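Q: There's a structure below that I have some questions on.
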Amino acid sequence: MAHIDCSFYSPSLKKNAHVIVFLPSMSADDYLEDREVHYDDPGKTWPTLYLLHGSYGDCLDWSLRTGIERYAQDKGLAVVMPSAENSSYVNMAQGEAYLDYIGRELPEFTRKLFPLSRERAQTYIAGLSMGGYGAFRIA
């Protein structure tokens, strides 16, 4: 699994945004078991899960405290985990526009950089606590 730690300027937030992306790639198990793998075939795109953290968390929570990397590799799933502070994933009247950032800007940005599926049926969103609320709003 490729683990990409990325920061970029977000016009919606008017500041730098932090996101971690997991992409399926050749693993030690693939090598040791001599599996024929096609992770980097031309035109290959990955079904994608946008995974939102809870209150007082950030994009590192999922990778540090769960087995999401292993599950995503086994299922051939890309995972995008953005940081959203304690925003509740909404557009604030006096502040950042996290709903616009997560719902529109982040998918556009990540699809330009990574081989992520553009199909609605292969794009998922989920979250924990505040992230669950954000996932519900964005979906």
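The values are calculated or read from the model by the stated rules, or taken from the named source; none is laboratory data. Treat the numbers as computed from the prediction; the structure is a model and nothing was measured. In this analysis, Cβ positions are derived from the backbone assuming ideal geometry, glycine residues included, and neighbour counts consider all displayed protein chains. Each accessible area value is taken on the protein alone, full model and side chains, heavy atoms only, with ligands, DNA and RNA left out. Shrake-Rupley method; radii C 1.70, N 1.55, O 1.52, S 1.80 Å.
Q: Longest span of the chain, sites excluded, free of trypsin sites (Lys or Arg not before Pro) in DSSP loop with at most 16 other C-beta atoms within 10 Å? Walk me through the numbers on the way to the answer.
A: Working: sites that count: Lys14, Arg35, Lys44, Arg118.
Between exposed loop sites, the widest span is 45-117.
Q: Please compute the net charge surrounding His18, taking Lys and Arg as +1 and Asp and Glu as -1 over other residues with Cβ under 15 Å from its Cβ.
A: Charge balance in the 15 Å sphere: -4.
Q: What's the extension gain from Val37 to Ala2 if we count 0.36 nm per residue and subtract their Cα-Cα distance?
A: Working: separation 35, 0.36 × 35 = 12.60 nm, distance 1.46 nm.
Working it through step by step, the gained length comes to 11.1 nm.
Q: How would the stretch 26-131 be classified by its alpha-carbon gyration tensor: rounded, prolate or oblate, with rounded meaning a/c under 1.5 and the a/b versus b/c comparison settling the rest?
A: Oblate is the answer for the stretch 26-131, as a/c is 1.5 or above yet b/c matches or exceeds a/b.
Q: Does the stretch 87-136 come out rounded, prolate or oblate by the C-alpha gyration tensor, with a ≥ b ≥ c the root eigenvalues, rounded set by a/c under 1.5 and, if not, prolate when a/b is larger than b/c and oblate if not? Walk me through the numbers on the way to the answer.
A: Working: a/c = 2.91, a/b = 1.49, b/c = 1.96.
Since a/c reaches 1.5 but b/c is at least a/b, the shape of the stretch 87-136 is classed as oblate.
Q: Roughly how many debye, to the nearest 20, is the charge dipole of the chain about its Cα centre, given +1 on each Lys and Arg Cβ, -1 on each Asp and Glu Cβ, and no other charges? Numbers along the way, then the final one.
A: Details: 13 positive and 18 negative charges, 126 e Å.
In debye, rounded to 20, the chain gives about 600.
Q: When only Cα pairs under 8 Å and 6 or more residues apart are kept, what is the percent relative contact order across the chain?
A: Values: 247 pairs, mean separation 41.1, N = 139.
Relative contact order of the chain: 30 percent.
Q: Out of the stretch 77-139, which GluC sites (Glu not before Pro) are coil in DSSP terms and have no more than 12 other C-beta atoms within 10 Å?
A: On the way: sites: Glu85, Glu96, Glu105, Glu108, Glu119; in loops: Glu85, Glu96, Glu119.
Listed in order of number, the matching sites are Glu119.
Q: Please identify which residues in the stretch 1-43 have an amide N closer than 15 Å to a label point set 7 Å out from the Cα of Arg118, following the Cα→Cβ vector.
A: The answer is 43, whose backbone nitrogens lie closer than 15 Å to the label point.
Q: Could you check the simple spin-label distance between Asn86 and Arg137, using points 7 Å along Cα→Cβ, in nm with one decimal?
A: Rounded to a tenth, the inter-label distance reads 1.5 nm.
Q: If I compute solvent accessible area with a 1.4 Å probe over the protein chains, what percent of it on the stretch 33-83 is carbon and sulfur?
A: On the stretch 33-83, the fraction of accessible area on carbon and sulfur atoms equals 49 percent.
Q: Per residue, what accessible area does the stretch 26-93 have, given a 1.4 Å probe and all protein chains present, in Å²? Before the final figure, lay out the partial values.
A: On the way: 4050 Å² over 68 residues.
Per residue, the stretch 26-93 has 60 Å² of solvent-accessible surface.
Q: Which whole-Hz ³J(HN,Hα) couplings does the stretch 45-53 yield from phi under the Karplus relation 6.51 cos²θ - 1.76 cosθ + 1.60, θ = phi - 60°, glycine and proline marked x?
A: My calculation for the stretch 45-53 gives 10, 10, x, 10, 10, 8, 10, 9, 7 Hz in order.
Q: Give the shape of the stretch 37-87 as rounded, prolate or oblate, defined through the alpha-carbon gyration tensor: a ≥ b ≥ c are the square roots of its eigenvalues, a/c under 1.5 means rounded, and otherwise the shape is prolate if a/b is larger than b/c and oblate if not. Intermediate values should be presented prior to the final figure.
A: Values: a/c = 3.83, a/b = 2.09, b/c = 1.83.
It is prolate, given that a/c is not under 1.5 and a/b is the larger ratio.
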